[in-house]
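Here's the structure, in structure tokens; my notes come after.
Taken together, the values in this text are just the output of simple stated rules run on the coordinates, not laboratory data. Just so you know, these numbers come straight off a predicted model, no measurement behind them. Note that each Cβ is placed from the backbone with ideal geometry, even for glycine, and that neighbours are counted across all protein chains shown.
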Amino acid sequence: DAGVTQSPTHLIKTRGQHVTLRCSPISGHKSVSWYQQVLGQGPQFIFQYYEKEERGRGNFPDRFSARQFPNYSSELNVNALLLGDSALYLCASSLDPRQAGYGYTFGSGTRLTVV
Amino acid sequence: AQRVTQPEKLLSVFKGAPVELKCNYSYSGSPELFWYVQYSRQRLQLLLRHISRESIKGFTADLNKGETSFHLKKPFAQEEDSAMYYCALSGGATNKLIFGTGTLLAVQP
């Protein structure tokens with residue numbers, strides 16, 4: 001089992017561009033959550049998806065969107081990038097939302113730098 | 001407001017010394033509390049949860065609802081304990097995690 005895989009590992013974008021980050025959960029996990037970790041801070045919840053439906057959303061602007069595919073992989077999209085979007089974006093998978101928290105397996109993250 | 005506070009950004013101790021990483025929380029309801037750890041160049045991983053009341057790698061944490069605290073303790077620190085430690089709580093329908101800002105534990109030889 002490859003664990004939770006995220007791609008790309010690093011990314012540099014210019015202000016105003018858009019970006020797509022990808023996450024493949026552990027086999028059998030149907031729930032994917034996204035977190036943003038700004039340097040010096042703890043991860044902050046962005047989205048949770050389960051069975052291809054959005055189950056929760058954090059306090060992020062509409063520039064942030066996500067989706068989950070039939071194979072349970074997920075994409076996080078960010079439009080009109082701002083310098084403040086520079087962060088490590090973490091994906092976490094779990095069997096289902098009830099097991100989020102203790103049942104999370106985190107990916108290594110995508111380091112996004114906006115210049 | 002739901003919040004997790006870790007007052008220390010850095011805690012430096014010598015090998016064999018006791019360790020206590022502080023965590024206080026604010027939550028309306030009955031949250032579940034966790035400690036996550038991130039070793040150098042490794043992924044964020046669960047260390048322990050309050051419901052389990054177990055000891056992992058010699059670490060324990062007791063939930064004190066009166067003081068709304070969930071401090072992480074270890075009687076004798078080891079160099080391999082050096083890592084970033086995050087306290088987190090979950091609750092609500094999504095069980096999303098709310099993290100503190102983390103404490104970097106540095107165990108000196």
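Only one of the numbered conditions (1) within 14 Å of residue A:24 (Cα to Cα); (2) within 13 Å of another protein chain (Cβ to nearest Cβ) is not met by residue A:102, and that is (1). Scan A:66, A:92 and give me the residue that is within 14 Å of chain B (Cβ to nearest Cβ), in a strand (DSSP E or B) and over 17 Å from residue A:19 (Cβ atoms). Going through A:66, A:92 in turn, the sole match is A:92.
State yes or no: is residue A:2 surrounded by fewer than 22 Cβ atoms within 10 Å (Cβ to Cβ), of a type in the set (Gly, Ala, Ser), touching a His at 6+ places or on another chain (Cβ under 8 Å) and not in a strand (DSSP E or B)? In short, no. Being over 11 Å from the mean Cα position of the chain (by Cα), of a type in the set (Gly, Ala, Ser) and assigned to a strand (DSSP E or B) is the requirement here; does residue A:56 meet it? Yes, satisfied. Return yes or no: is residue A:108 more than 9 Å from chain B (Cβ to nearest Cβ) and under 13 Å from the mean Cα position of the chain (by Cα)? In short, no. Residues in the stretch A:14-56 that are surrounded by fewer than 18 Cβ atoms within 10 Å (Cβ to Cβ), within 11 Å of chain B (Cβ to nearest Cβ), in contact with a strand residue (DSSP E or B) (Cβ under 9 Å, 6 or more places away or on another chain) and without any contact (Cβ under 8 Å) to a residue 40 or more places away in the chain: 2 in all.
Within the stretch A:57-115, the set of residues being surrounded by fewer than 14 Cβ atoms within 10 Å (Cβ to Cβ) and hydroxyl-bearing (Ser, Thr, Tyr) comprises A:113 only. Restricting attention to the stretch A:41-91, the residues being among the basic types (Lys, Arg) and over 23 Å from residue B:3 (Cα atoms) number 3.
Does residue A:85 meet the test of being in contact with a Leu (Cβ under 7 Å, 6 or more places away or on another chain) and of a type in the set (Asp, Glu)? Considered against the rule, which asks whether it is in contact with a Leu (Cβ under 7 Å, 6 or more places away or on another chain) and of a type in the set (Asp, Glu), residue A:85 comes out as yes. Number of residues in the stretch B:34-75 that are β-branched (Val, Ile, Thr), free of Cβ contacts under 8 Å to residues at least 24 places away in the same chain and over 23 Å from residue B:17 (Cα atoms) equals 1. Condition (residue is out of contact with any strand residue (DSSP E or B) (no Cβ under 7 Å at 6 or more places or on another chain) and under 30 Å from residue A:54 (Cα atoms)) applied to the stretch B:46-56: is it met by at least one residue? Yes, some residue in the stretch B:46-56 is out of contact with any strand residue (DSSP E or B) (no Cβ under 7 Å at 6 or more places or on another chain) and under 30 Å from residue A:54 (Cα atoms).
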